[in-house]
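The values are calculated or read from the model by the stated rules, or taken from the named source; none is laboratory data. All values reported here derive from a predicted model rather than from experimental measurement. Backbone-built Cβ (ideal geometry, glycine too); neighbour counts: all protein chains shown.
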Amino acid sequence: MSASGKAEYLKRYEPGDDGLRFQNLEYIGNFKGMPGVPDGIKGDRMMRERAHSKVLEKVSKEDVLKDEFTVDELNDLNNYLAWNIWDVLVMRATEGASGMIPRQEYEILAFMQEFYRYPQFMRMMTDRIGAQGVMDIGASAKKEIGTKINCVHDWCLGAVAFGMGRCGLLALEAIGPNDYVEESNIILKFMQRVLWGKRQDGYILNSQDNYRCQIHDQSVIDQVMSQVVDFEEGSEDYLRFTKFNATAELLAFFDHYDCRLGLGDTGPYPLPDGRLLIIRDLFVNEPVYHWSDVCDELPHCYSLGVVIDPDKLGLREIRVNDISTTFTIPKNYIPGITGGAIFVRELHDTPMGEVYPLKLTELEPHLDKIRTATVKMYDKTIRMPRRELLTNGIWSYYVDMLLPYLRKAGLWEEVTSPKYDFWEIDQRVANYYYEITKRNFVQVTVPQKIFSGEGYLPFDGNEADLRFSKYAWI
């Protein structure tokens with residue numbers, strides 16, 4: 001049954017509106033002794049009000065082109081990203097547990113691997129193509145569907161590589177609060193430039209814009225809408241479309257080791273008839289991974305145009321959050337889907353002029369291949385020992401979160417040559433493999449530090465030096 005009724009979601013975009021609560025918890029983080037911060041629109045406003053700099057407001061191109069952040073700006077970004085991580089993940093903390101894939105373990109190791117290794121490659125890209133070139137990488141997403149230069153990958157550049165990576169290392173007491181200041185700056189600057197280039201409205205994160213990711217040029221929206229088929233709930237086309245979405249989404253998760261890097265939503269885009277469009281990318285075949293050979297008969301990505309009727313749904317709020325996922329109140333928006341289109345991008349660099357649509361009546365051969373690949377992936381996965389699963393999981397995060405930017409910068413082949421040992425696990429991280437299961441570090445300490453926000457320690461404004469790395473490993 002749908003919750004049909006007059007939609008009120010547009011109120012969420014009015015100045016001063018607090019938005020709705022998607023959870024009852026409140027965030028504290030580094031703000032002990034102060035009122036807790038809720039999720040959503042109100043939480044974003046409170047976090048920005050507590051900032052000591054203007055880095056969380058609309059920033060100019062000149063600001064983004066600056067070589068580095070100040071310590072105050074680093075701390076404001078640290079605090080905001082910690083809240084943002086809580087905002088998008090705390091409701092879904094149980095996703096970290098999997099019966100087949102040791103996700104909690106591989107995640108924390110991947111976070112640490114990224115914090116240690118990304119600065120080298122981010123600096124290399126910036127040196128090679130310039131700060132403007134990094135911004136142009138972000139801007140490329142405005143004209144493409146089926147691209148991994150999307151908000152979840154962009155967000156991961158900073159929220160995961162810096163935020164969660166640094167938090168995990170602090171919790172493990174492998175680093176101190178004032179270590180790696182220079183490297184932290186490199187990571188966050190790269191993230192800011194990509195995101196600013198993509199949005200070009202002064203913000204970097206969806207949460208700063210009432211959870212909107214309206215980044216596509218009108219020509220892309222027109223291309224998608226030209227193939228949309230309207231349908232009624234329960235009709236044959238409705239069932240075909242929603243079944244395809246669910247089946248492809250499952251494989252996109254599985255191929256990316258049970259995480260959201262295989263999915264990407266943008267929108268909501270308001271349509272002239274009052275409906276909303278979500279453009280959804282489902283990456284069902286990432287050939288850089290050896291386990292993805294079971295997906296060889298599939299394209300790199302299926303892109304879906306998902307049209308939602310807010311009045312049919314009785315929509316009160318819609319969020320496309322910073323991990324590329326659409327959430328609504330009411331929670332189930334599937335009954336509100338009244339139209340859809342499906343496109344195929346065969347390879348990651350297939351020109352947009354060669355991206356082609358699929359008719360809803362011709363989906364079954366694709367569904368058969370998706371189902372076959374999913375079963376093969378399951379069979380392959382259950383035969384892998386834990387250490388191999390964990391290593392594959394580290395790669396799925398560490399490689400995939402930087403992969404699209406290296407590709408776009410023209411540096412993927414060079415960085416993955418033996419000279420740079422890109423695929424190697426840092427020796428420190430390899431050693432942590434034996435530490436993370438002791439004293440309930442993964443099961444208790446990591447969730448407490450990361451999800452509560454307690455572990456995102458600030459840089460000491462009196463002691464931290466923007467030139468600091470880590471000068472001793474003792």
Inset, instruction - Return yes or no: is ASN210 farther than 27 Å from LEU109 by Cβ, surrounded by fewer than 24 Cβ atoms within 10 Å (Cβ to Cβ) and touching a Phe, Trp or Tyr at 6+ places or on another chain (Cβ under 7 Å)? - result: yes
Inset, instruction - Could you pull out the residue among LEU406, LEU390 that is part of a helix (DSSP H, G or I), crowded, with 17+ Cβ neighbours inside 10 Å and touching a Pro at 6+ places or on another chain (Cβ under 9 Å)? - result: LEU390
Inset, instruction - Filter the range 1-52 down to residues that are without any contact (Cβ under 8 Å) to a residue 12 or more places away in the chain and acidic (Asp, Glu) and give me whichever is nearest to ILE308 (Cα to Cα). - result: GLU14
Inset, instruction - Say whether the condition of being outside any helix (DSSP H, G or I) and either in contact (Cβ under 8 Å) with a residue 12 or more places away in the chain or not assigned by TED's automatic domain parsing to the domain that holds ILE278 (or both) is met by at least one residue in the range 358-365. - result: yes
Legend entry - Unmet criterion (only one of (1) over 23 Å from the mean Cα position of the chain (by Cα); (2) closer than 13 Å to ASP258 by Cβ) for ALA373: (2)
Legend entry - Hey, GLU354 exposed (fewer than 15 other Cβ atoms within 10 Å of the Cβ), assigned by TED's automatic domain parsing to the domain that holds VAL306 and modelled with pLDDT of 95 or more or not: yes
Legend entry - Test: PHE244 is surrounded by 21 or more Cβ atoms within 10 Å (Cβ to Cβ) and either assigned by TED's automatic domain parsing to the domain that holds ARG316 or part of a loop (DSSP other than H, G, I, E, B) (or both): yes
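On the given criteria, is ASP296 closer than 19 Å to VAL229 by Cβ and without any contact (Cβ under 8 Å) to a residue 12 or more places away in the chain?
Considered against the rule, which asks whether it is closer than 19 Å to VAL229 by Cβ and without any contact (Cβ under 8 Å) to a residue 12 or more places away in the chain, ASP296 comes out as no.
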Legend entry - Test result for LEU347, without any contact (Cβ under 8 Å) to a residue 60 or more places away in the chain and either more than 19 Å from ASN210 (Cα to Cα) or in the same structural domain as VAL152 (by TED's automatic domain parsing) (or both): yes
Inset, instruction - Can you tell me which residue among GLY461, GLY410 is small (Gly, Ala, Ser) and more than 23 Å from ASP281 (Cα to Cα)? - result: GLY461
Inset, instruction - Go through (1) surrounded by fewer than 17 Cβ atoms within 10 Å (Cβ to Cβ); (2) in the same structural domain as ILE187 (by TED's automatic domain parsing); (3) of a type in the set (Val, Ile, Thr) and name the single condition VAL375 misses. - result: (2)
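Select the strands (runs of 3 or more DSSP E) contained entirely in the range 280-350, then report the ones holding at least 3 residues which are buried (at least 19 other Cβ atoms within 10 Å of the Cβ) and not hydrophobic (A, V, I, L, M, F, W, C). Quick ask: steps written out before the conclusion?
Working: elements: 301-308, 317-320, 326-329, 337-345.
Result: 301-308, 337-345.
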Inset, instruction - Would you please list the contacts, defined by Cβ atoms under 7 Å and residues six or more apart or on different chains, that run from a residue in the range 218-230 that is farther than 15 Å from ILE337 by Cβ to a residue that is surrounded by fewer than 19 Cβ atoms within 10 Å (Cβ to Cβ)? - result: VAL220/LYS143; GLN227/PRO357
Inset, instruction - Take MET135 and decide whether it is over 18 Å from the mean Cα position of the chain (by Cα) and either farther than 30 Å from ILE342 by Cβ or charged (D, E, K, R) (or both). - result: no
Inset, instruction - Could you please let me know if ASP426 is in the same structural domain as SER140 (by TED's automatic domain parsing), within 27 Å of ASN84 (Cβ to Cβ) and of a type in the set (Asp, Glu)? - result: yes
Inset, instruction - Go through (1) at pLDDT 95 or above; (2) in contact with a helix residue (DSSP H, G or I) (Cβ under 9 Å, 6 or more places away or on another chain) one by one and return the number of the condition HIS300 breaks. - result: (2)
Inset, instruction - For the range 412-446, name all the residues that are touching a residue at least 40 places away in the same chain (Cβ under 8 Å) and buried (at least 16 other Cβ atoms within 10 Å of the Cβ). - result: VAL415, PHE422, ILE425, ASP426, VAL429, TYR432, TYR433, ILE436, PHE441, VAL442, THR445, VAL446
Legend entry - Number of the condition not met by ARG345 [criteria: (1) closer than 19 Å to ILE101 by Cβ; (2) touching a strand residue (DSSP E or B) at 6+ places or on another chain (Cβ under 9 Å)]: (1)
Inset, instruction - Of the conditions (1) more than 30 Å from ARG123 (Cα to Cα); (2) of a type in the set (Lys, Arg); (3) in the same structural domain as LEU195 (by TED's automatic domain parsing); (4) in contact with a Leu (Cβ under 9 Å, 6 or more places away or on another chain), ARG48 clears all except one; give me its number. - result: (1)
Inset, instruction - Inspect the range 268-291 for any residue being closer than 21 Å to LYS369 by Cβ, modelled with pLDDT of 95 or more and among the small types (Gly, Ala, Ser) and give the result as yes or no. - result: no
